[in-house]
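The values are calculated or read from the model by the stated rules, or taken from the named source; none is laboratory data. Since this is a predicted model, take the numbers as computed values, not measurements. Positions of Cβ are backbone-derived with ideal geometry, glycine not excepted, and every protein chain shown enters the neighbour counts. Ligands, DNA and RNA are stripped out before the accessible areas are found, and what is left, the full protein with its side chains, is counted by its heavy atoms. Shrake-Rupley method; radii C 1.70, N 1.55, O 1.52, S 1.80 Å.
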Amino acid sequence: MPLVVTDAIVLHAFDYSETSRILRLATREAGVLSVLARGARRSKKRFGSALDLFAEGTIEVLVRDQRDLQTLCAFDVTHSRPTLASDLGRFAGASALAELILRFATDERQVSLFDALSRSLDELALAPPDETREVTLAGAWRLVGELGFAPSLDSCSACHADLAIADTLPFSHAAGGVLCANCARLHPSGRTLPAAERARLGAWMADERTGKMSDPDSRAHQRLLREFLREHLAQDRALRAFEMWEHAPWSRA
Amino acid sequence: MSAIDDLATELAKLPGIGRKTALRLTYHLLKQPPEQSKRLATVLAELSDRVHRCSVCFNLTEADPCGICRDGRRDRTVICVVEEASDIGAIERAGEFRGVYHVLGGRLSPLDGVGPDDLTIRQLTERIQSDEIREVIVATNPSLEGEATALFVQRQVAPLGAAVTRIARGIPIGGDLEYADGVTIAQALSARRAM
């Protein structure tokens, strides 16, 4: 039974039996893992505060092939992110990012996806309360890109013709990005993307910080992201945390 | 499906009980005198008939209001807010708190689809508005979800005029600094108090 040692972030945790917890982890070397932390509820000696949501550290896991639930031997926390609970917008945003990974990442090695998640959670943990929506959007698009679904923003997603930076363009979820005028006639699209918002989306994908947005603009970006996820990733299963982040007024209380 | 399978399937739905243990329990019951199984069945059937949520604090109780809400010696101006009814037992065992309780019925957890409407936060604010409440102690668990829930409760309760306090966190009694993890020590330092 091989022992895997890798960096990990706690994305979901729930109680199992009287004394144990099951964790779902994003890991650098083994993708998303479900692990059993035996005795974690009874004693803090073995895992300490490591088992809290969004904590990051180095894990030791006994991995058995053909098993969905692996055994967590140790979790040495390197940093926790308590400030994600000090603002409800941060908390809702972090939950939405965690859901994206839990739902769409695989159990294969995905170093850049892990790093993008870690960076996005760190940025959200430090985000001003009135900018958590923008920071979550940036993180979510970054993860979408790392998952292999980055939208085409500089060239037509159908014919690959280069497009002018200053143009407002139709955005087709089905085609996977912006369209030129010719292709737009063949791919009816429900959205248009103004040049400034296309640049903002490009900046998010390129890991660049952007400033605060107006409420209607950030809401429009939430809709765009939701529709894109539904088209390419979510199929018919609801994204509960994502919906709460988008619709729940409590997260901005 | 046989009666054995039926019972094992139902037992396996309980937390911490897998299919193997469920079958072991089923065969154990079959080895007992029939009266014992019947007594267990009767107790289980009566459980859901007799135990309800207290209409005031949402504690689990056979009488409504519950014993704590009915107790005239308790300080009704102080409410301790907990996630689950089982948390009340833990606080009562400490013997330090003489106020009353409010059970939220969980904690905010977007990943599990649990939002404020799934908790009894609205009932808590109604209680504060209708009674003379001096202090609300938020005793949700010191986890990230518990902290977010505490923050939400604070945002809802503070405008109503009651003082909102949070239970302390840090090094446990009898603990050893050398073996405490960094997060716990950081929390203990940030929540230090004057002596």
Legend entry - Top-ranked residue of region A:201-240 - restricted to ones that are under 18 Å from the mean Cα position of the chain (by Cα) and basic (Lys, Arg), ranked as nearest to the other protein chains (Cβ to nearest Cβ): A:Arg240
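Quick check on my filter: what residues within region B:140-195 are among the acidic types (Asp, Glu) and in the same structural domain as B:Glu84 (by TED's automatic domain parsing)?
Filtering region B:140-195 down to residues among the acidic types (Asp, Glu) leaves B:145, B:147, B:176, B:178, B:181.
Hits for region B:140-195 are B:Glu145, B:Glu147.
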Inset, instruction - State all residues of region A:1-27 that are under 18 Å from A:Gln110 (Cβ atoms), crowded, with 20+ Cβ neighbours inside 10 Å and not hydrophobic (A, V, I, L, M, F, W, C); if no residue qualifies, say none. - result: A:His12, A:Thr27
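Conditions (1) free of Cβ contacts under 8 Å to residues at least 60 places away in the same chain; (2) in the same structural domain as B:Val157 (by TED's automatic domain parsing); (3) of a type in the set (Ser, Thr, Tyr), marked per residue:
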| site | (1), (2), (3) |
| --- | --- |
| B:Gly67 | yes, no, no |
| B:Thr77 | yes, yes, yes |
| B:Ala85 | yes, yes, no |
| B:Ile91 | yes, yes, no |
| B:Glu96 | yes, yes, no |
| B:Arg122 | yes, yes, no |
| B:Asp131 | yes, yes, no |
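Could you please find all residues in region A:102-112 being closer than 17 Å to A:His12 by Cα, open to solvent by less than 50 Å² (accessible area, probe 1.4 Å) and out of contact with any His (no Cβ under 7 Å at 6 or more places or on another chain)? It would help to see each step written out before you state the result.
Taking region A:102-112 first, the residues closer than 17 Å to A:His12 by Cα are A:102-107.
From the residues that got through so far, the ones that are open to solvent by less than 50 Å² (accessible area, probe 1.4 Å) too are A:102, A:104-105.
Listed by number, the residues that qualify are A:Phe104, A:Ala105.
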Legend entry - Positions within region A:102-152 being closer than 23 Å to A:Val178 by Cβ and small (Gly, Ala, Ser), in sequence order: A:Ala116, A:Ala138, A:Gly139, A:Ala140, A:Gly145, A:Gly148, A:Ala150, A:Ser152
Inset, instruction - Need at least 1 residues that are open to solvent by less than 30 Å² (accessible area, probe 1.4 Å) and at the interface with chain A (Cβ under 10 Å from one of its Cβ atoms) per element, so show me which helices (runs of 4 or more DSSP H) inside region B:91-195 make the cut, counting only ones lying wholly within it. - result: B:121-130, B:144-157
Legend entry - Qualifying positions in region B:53-90 - open to solvent by 40 Å² or more (accessible area, probe 1.4 Å) and touching a helix residue (DSSP H, G or I) at 6+ places or on another chain (Cβ under 6 Å): B:Val56, B:Leu60, B:Glu62
Inset, instruction - Would you confirm whether any residue within region B:17-35 is open to solvent by less than 70 Å² (accessible area, probe 1.4 Å), under 26 Å from A:Phe14 (Cα atoms), outside the structural domain of B:Ala85 (by TED's automatic domain parsing) and in contact with a strand residue (DSSP E or B) (Cβ under 9 Å, 6 or more places away or on another chain)? - result: no
Inset, instruction - Confirm whether A:Phe47 is without any contact (Cβ under 8 Å) to a residue 24 or more places away in the chain, within 14 Å of another protein chain (Cβ to nearest Cβ) and hydrophobic (A, V, I, L, M, F, W, C). - result: no
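Just to be sure, is A:Trp250 out of contact with any Cys (no Cβ under 8 Å at 6 or more places or on another chain), of a type in the set (Phe, Trp, Tyr) and at pLDDT below 90? Step through it out loud before you land on a result.
Numbers: out of contact with any Cys (no Cβ under 8 Å at 6 or more places or on another chain): yes; of a type in the set (Phe, Trp, Tyr): yes; at pLDDT below 90: yes.
Against the criterion (out of contact with any Cys (no Cβ under 8 Å at 6 or more places or on another chain), of a type in the set (Phe, Trp, Tyr) and at pLDDT below 90), A:Trp250 qualifies.
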Inset, instruction - Could you grab me the full set of residues in region A:66-90 that are out of contact with any helix residue (DSSP H, G or I) (no Cβ under 8 Å at 6 or more places or on another chain), closer than 15 Å to A:His12 by Cβ and among the aliphatic types (A, V, I, L, M)? - result: A:Leu69, A:Leu72
Inset, instruction - Kindly provide the set of residues from region A:147-172 that are within 17 Å of the chain's Cα centre (by Cα) and surrounded by fewer than 22 Cβ atoms within 10 Å (Cβ to Cβ), ordered by number. - result: A:Leu147, A:Gly148, A:Phe149, A:Ala150
Legend entry - Answer residue from region B:1-49, given it is within 30 Å of A:Ala37 (Cα to Cα) and of a type in the set (Gly, Ala, Ser) and is nearest to the other protein chains (Cβ to nearest Cβ) among those: B:Gly16
Inset, instruction - Could you please let me know if A:Arg198 is assigned by TED's automatic domain parsing to the domain that holds A:Leu137 and touching a residue at least 40 places away in the same chain (Cβ under 8 Å)? - result: yes
Inset, instruction - Report, by residue number, each residue of region A:1-29 that is away from every other protein chain (no Cβ under 11 Å) and either within 15 Å of A:Ala74 (Cβ to Cβ) or modelled with pLDDT under 90 (or both). - result: A:Met1, A:Pro2, A:Leu3, A:Val4, A:Val5, A:Thr6, A:Asp7, A:Ala8, A:Leu23, A:Leu25, A:Thr27
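From the list A:Gly93, A:Gly31, exactly one residue is open to solvent by less than 20 Å² (accessible area, probe 1.4 Å) and either of a type in the set (Lys, Arg) or not assigned by TED's automatic domain parsing to the domain that holds A:Leu11 (or both). Which is it? Can you show your working first?
Values: A:Gly31 fails: either of a type in the set (Lys, Arg) or not assigned by TED's automatic domain parsing to the domain that holds A:Leu11 (or both).
Testing whether each residue is open to solvent by less than 20 Å² (accessible area, probe 1.4 Å) and either of a type in the set (Lys, Arg) or not assigned by TED's automatic domain parsing to the domain that holds A:Leu11 (or both) leaves just A:Gly93.
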